Structures are given as structure tokens and as C-alpha cells.
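The values are calculated or read from the model by the stated rules, or taken from the named source; none is laboratory data. For clarity, every value in this text was computed on a predicted model and none was experimentally measured. Every residue, glycine as well, gets a Cβ built from its backbone with ideal geometry; the counts of neighbours run over all protein chains shown. In case anyone asks, the SASA skips ligands and DNA or RNA and just uses the protein heavy atoms, side chains included. Shrake-Rupley method; radii C 1.70, N 1.55, O 1.52, S 1.80 Å.
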Amino acid sequence: AEYMGVFENSMSAARAIQSSGFFAISRLRYPCISKTMENFGIMPVKSSDDWMFRWAGHPNPSDFGKLHRNQRINHFPGSWHLSRKDLLARAFNRMQSRHPDAYQFLPKTYVLPEDWKRLRQCEGENDCELLIIKPLADSCGRGIHVVNNINQIPNNKSYVVSKYISNPYLINKLKFDLRLYVLVTSYEPLKVYFYSDGLTRFATNTYEPEKGALDDRFMHLTNYSVNKFAPKFQPNTSEDADDQGSKWSWLGLKRHLEQQGIHEGNYVPQIKDTIIKTLISAETYIKPLLRFTPSPQSCFELYGFDIMFDDHLKPWLIEVNISPSLTQGSPLDRKVKSGLLNDVVSIVHPEPPLPHFESGSEQEIFALLDREYERKGDFELIFPCLDGEKYFEYFESHSKSNELALKWLQNMNRK
């Protein structure tokens, strides 16, 4: 069902207008979204086009052109260039050809069938290093398997094939990956917020690849949706037990590493760098489509970045989700995702329009950044950043708005 806010004459709507001045639309796949909206005084109703805020599945391209200037929607046009594994690989390969030293954080990836020749040239005709095969657009671990010979790869379907990270950082002899949350409120200028907490998801079988168990999904895959069915899966039972069992928090992992003498300064800056460069690689495709929206501020998007460490604590990008799961199936999930949703809605809260500024002007960009920054909660603004000029070379074209956003941050830093 879709729920959206409309202008009504009822007392409840009047109170909502008085408290927030706008309403919401939500596709209730996750009841926690509706609950968060209502906590902000954003009232759901069943049908209308007169809404001001929408949270739903990725809309049809034509829907973006139907937006009014005072409406906000929770996806950007073209964001599948991040979520589809083949499109992400192509965007990354394009950036790597231009900036080979800067784009070294996605495992080498081939898009089949068009990359068969390159795959054979690079990996050999027979035995090879471990490769991981994934369907182009599936999620939750569906269709993923590991091979050590390219002849084991089906040649009648479309796949992405990536170098397997065979030297992962282990905790208790188990592989794990990170689900980190990133909010983009605009691509013009690019504004990126990194959430303070996230999830650490463990495989459930001891990592022993030398034994040749290529079909052991509970050893090779870290997906929660796979490992929750494993005999050795340890469910979370308390929000305070965030460094125990098969799912930890991001904060719990950082505490664990600190106890091992590994300070977050050794890996967090690299993660932020990975996030920023990944978004820039897709900006090339997303930004031109924004001309079909009434304003660069019409959209926002919450991403789930999946990151894995190797044994040198180098972060590798595994994939990006444009609709990360908000299921709250455990106390830890509820703690992390409730706080996350609260701060997302706080930042993108579609207030009545700002005083009229020329679109893209310094006054408009500064006013929007002021408003978001005041309400960022446990998000950290990671772009613009004080050393942001070093990223400008990676953008497809010069962006005056990115320069203005950096100027705003520099002014903030002087206060």
C-alpha cells in the first residue's frame, strides 16, 4: 500500500500542518518508516497527488518529471548505476582507466558475456585464482557462487565475475563485511552524509579455503539472509550485545579493533574516500537526469555500502544498495535502524520552501547546507570536505555548485 500526505480539513491534518507544514508518502514495506514519519508529525493518507514527501520503491523515470518543486522523493533518477553490479563495474572501469591510482578499491570485475575474451586473457583458460560469480541485479546472496576455473562459469547467462578477496580480515576465524549507511541529499552540489553506526555481518563457518569447499556458502558469503539459516548462526538478543554473535554493530567492530590496538584512523578515512569516489563515478550518469526534475533538491537517497576488509585492513567495495533493508528483526537492528531513520527524516524533512533564491545560487546552496547541517544528528558530512578540492579532478565536468559548497564549509570552519 502507498501512503501519502495531502492537504485535508480534518483536525489531525490541521495539527500536522501546524507542527510540520507538510505531509508524506510512504510505501509501507517497512512499518518503521511510517512510524518515523508520524513521529515527525508527517501524517499518512491513502491517496492524493498533493503530497510533499515520498518514500517508496524506485519510481518509473516518468514519475520524476511529474514532481512539483516543493516535493521530495527518496531516489535519484539513474541511481541503478550504483546498484546494478554490471553498471557499477562499467562506471568503475571507466574511472580506473582515467585515474588508475585513485580507483583501486573494487575487486577486478568482468561483465559477461561481453568480457569473456578479457576474462580468458587475464585469468587463463583453466585453473585460476578464486572468482566470485553474481547475477547482475539480484540481492540477498541469491545466485552467488565461487569457482577456481573459468570453465565452471555458465556461458549462457549474464553475470558479473569478480576477483575473490581470498585474504579477508578475520575475527574468530570468520569472514565478515560491513553494511554502512550513506545519505546523499543532492548531486548538484554533491552532498554526502556518513552515518555513525552500521552493521557487521559474519559468515558462520570457519574460513578455511585451502580445504577446497567452494560450495560452502556459510564460509564464503557474509549475507545475513544466507547465514541466518546456518546451523552455527548466533542471533542477536540484546541491543547492548553489539559485539557478539553473528551480527555486530559498526561501533562494536570499531571497539573490538581498538582493543586489538587498531585505531579507526587506520581505516575509516579510506572508507570515506571509497564512498566519495564511488558516488562521483555514478554522478556522471545521475546528474544529467536531474534536468527532468524541477530542482536539484527534489531527490535524496539512502544507500547501503557493503565493504570488506582484507588482512591489511584495506577496505574493498563489494556493492551498493539503493534500497537497503530496514527490517528490524533483532534488538540491534532496531537500535541502529531506528536512529538511522530518525536522522534521515530530520535532514531531508521537507520544510516549507526557503525564501526565494535563484536556483543554484550561493544563497540557496548556503541556506540548504545550513539547514541540513543543523539537523544532521549522528550523520557526518563527508562531502564537501575541507580537502575536497582533491576530488574535483574526478568529476566529469567543472561544478560551480561544488565549489560553493566547499566555500560554505570553509566559512563554517572559520567560525
From the options Leu251, Leu214, residue that is touching a residue at least 40 places away in the same chain (Cβ under 8 Å), open to solvent by 50 Å² or more (accessible area, probe 1.4 Å) and among the aliphatic types (A, V, I, L, M) = Leu251
ask   = Filter the range 99-130 for residues that are in contact (Cβ under 8 Å) with a residue 12 or more places away in the chain and part of a helix (DSSP H, G or I); which is surrounded by the most Cβ atoms within 10 Å (Cβ to Cβ)?
value = Leu119
remark   = Of the listed residues (Leu409, Leu341), the one being surrounded by 14 or more Cβ atoms within 10 Å (Cβ to Cβ) and either more than 30 Å from Asn223 (Cβ to Cβ) or acidic (Asp, Glu) (or both) is Leu409
request  = Taking the residues in the range 224-277 that are of a type in the set (Lys, Arg) and in contact with a strand residue (DSSP E or B) (Cβ under 8 Å, 6 or more places away or on another chain) as candidates, determine which candidate is nearest to Leu183 (Cα to Cα).
outcome  = Lys272
task = Test Leu332 against the criterion of being touching a Pro at 6+ places or on another chain (Cβ under 8 Å), open to solvent by less than 20 Å² (accessible area, probe 1.4 Å) and part of a helix (DSSP H, G or I), and give yes or no.
result = no
Residues that are out of contact with any Phe, Trp or Tyr (no Cβ under 6 Å at 6 or more places or on another chain) and assigned to a strand (DSSP E or B), drawn from the range 147-177 = Val147, Asn148, Asn149, Tyr159, Val160, Ser162, Lys163, Pro168, Ile171, Asp177
message = Among the residues of the range 344-358, what is the count of those that are modelled with pLDDT of 90 or more and open to solvent by 10 Å² or more (accessible area, probe 1.4 Å)?
response = 1
query = What are the residues in the range 384-394 that are more than 18 Å from Gly360 (Cα to Cα), in a loop (DSSP other than H, G, I, E, B) and open to solvent by less than 50 Å² (accessible area, probe 1.4 Å), if any?
reply = Cys385
